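Structure record follows, encoded as structure tokens.
The values are calculated or read from the model by the stated rules, or taken from the named source; none is laboratory data. Nothing here was measured: the structure is a model prediction, and the numbers come from that model. Backbone-built Cβ (ideal geometry, glycine too); neighbour counts: all protein chains shown. The accessibility values were calculated without ligands, DNA or RNA, using every heavy atom of the protein model including side chains. Shrake-Rupley method; radii C 1.70, N 1.55, O 1.52, S 1.80 Å.
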Amino acid sequence: MRHAIALLTHDLLTALAPRPRPADLVAHFTRPLPLTVICDLLGTPRVDGDRLDAWDDAMRSVTAMTDAEVMAAVDEMTGYLAGLVHLLLEQPERYELLCREPALIPGAVEELLRYAQATVGANLRVSTEDVVLGGVTVREGEAVIALTSSANHDERVHHRPDLLDLTRDTPSHLSFRHGAHFCVGAQLARVQLQEALSGLVTHLPTLHPAGAPDWKRGQITRAPRTLPVGW
Ligand code: HEM
């Protein structure tokens, strides 16, 4: 799907470029991109954000994924994309580096996924047997919260983990978790994040924040509802 996603990115950013500034990057880019990609993935007609209810009905008719799973996937993607772009724009030299060296983008996406604490980064698991973790016995049936966002900042694994280093060599992370429930959409998410950033640095090399983002509250994903930008 990489070529189709690159074309979609090009179309969305070509439509955005002549618009009045500041413009909301969430409304014009970071939400329609994953929404349209998941429509293409699941074979539903492409819709714009305003017709979500129609999309929901279409979704019910074609996929085994529950609405909650589908919407979680779209929100996760939207949230991550907007949140990662925001991180890049917070310090202009980060975005300028990717404009100068777009070959860094695949590694930068992994580093942003490691660094950004875009979700609460915890999933509940229940132990199916007694197990010793870090010298502590977790009894069968006890609940465990795996704080993967903490693992992404473990200084025993990552040199200077609190530094967002877009040139970091092979940043590893658990943002898609691990094991049986590893994110099925991980590769699709990576392709979307890579193509989205490539499109932004190509079409809008002077992209910059143009006002404070409006952050969503009380959600599992820490993401801007709106992201005002200029270029
Ligand atoms: C940056 C974007 C994304 C992030 C950070 C992300 C993260 C995650 C995480 C952490 C899990 C594991 C949850 C657990 O351990 O219980 C997961 C599961 C899942 N993800 Fe993603 N996801 C992303 C994008 C997507 C996309 C684009 C899709 C679909 C097209 C998707 C579909 C799923 C599904 C269906 C599961 C359930 C897998 C299972 O329980 O076996 N995700 N995702």
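Given the condition under 26 Å from LEU25 (Cα atoms), open to solvent by 70 Å² or more (accessible area, probe 1.4 Å) and assigned to a loop (DSSP other than H, G, I, E, B), answer yes or no: does some residue in segment 181-192 qualify?
no
Being on the phi < 0 side of the Ramachandran plot, at pLDDT 95 or above and either open to solvent by 20 Å² or more (accessible area, probe 1.4 Å) or polar (S, T, N, Q) (or both) narrows it down to one residue among PRO102, PRO32, PRO92; which is it?
PRO102 is the lone residue from the list that is on the phi < 0 side of the Ramachandran plot, at pLDDT 95 or above and either open to solvent by 20 Å² or more (accessible area, probe 1.4 Å) or polar (S, T, N, Q) (or both).
Which condition breaks for GLY211 when tested against (1) closer than 19 Å to ILE5 by Cβ; (2) in a loop (DSSP other than H, G, I, E, B)?
(1)
Anything in segment 7-27 that is touching a helix residue (DSSP H, G or I) at 6+ places or on another chain (Cβ under 6 Å) and either polar (S, T, N, Q) or without any contact (Cβ under 8 Å) to a residue 12 or more places away in the chain (or both)? List them, or say none.
THR9
Taking the condition of being part of a helix (DSSP H, G or I) and more than 16 Å from the ligand (Cβ to nearest atom), how many residues in segment 74-106 meet it?
14
Return yes or no: is SER175 open to solvent by 30 Å² or more (accessible area, probe 1.4 Å), within 16 Å of the ligand (Cβ to nearest atom) and of a type in the set (S, T, N, Q)?
no
So which residues in segment 146-165 are closer than 24 Å to ALA180 by Cβ, surrounded by 12 or more Cβ atoms within 10 Å (Cβ to Cβ) and not small (Gly, Ala, Ser), if there are any at all?
Result: LEU147, THR148, ASN152, VAL157.
Looking at segment 136-145, can you tell me whether even one residue there is surrounded by 19 or more Cβ atoms within 10 Å (Cβ to Cβ), within 16 Å of the ligand (Cβ to nearest atom) and modelled with pLDDT under 95?
No, segment 136-145 has no match at all.
Out of the residues in segment 143-171 that are of a type outside the set (S, T, N, Q) and not in a loop (DSSP other than H, G, I, E, B), which is nearest to GLU111 (Cα to Cα)?
ALA151
Give me a count of the residues in segment 178-217 that are under 16 Å from the mean Cα position of the chain (by Cα), within 9 Å of the ligand (Cβ to nearest atom) and among the hydrophobic types (A, V, I, L, M, F, W, C).
7
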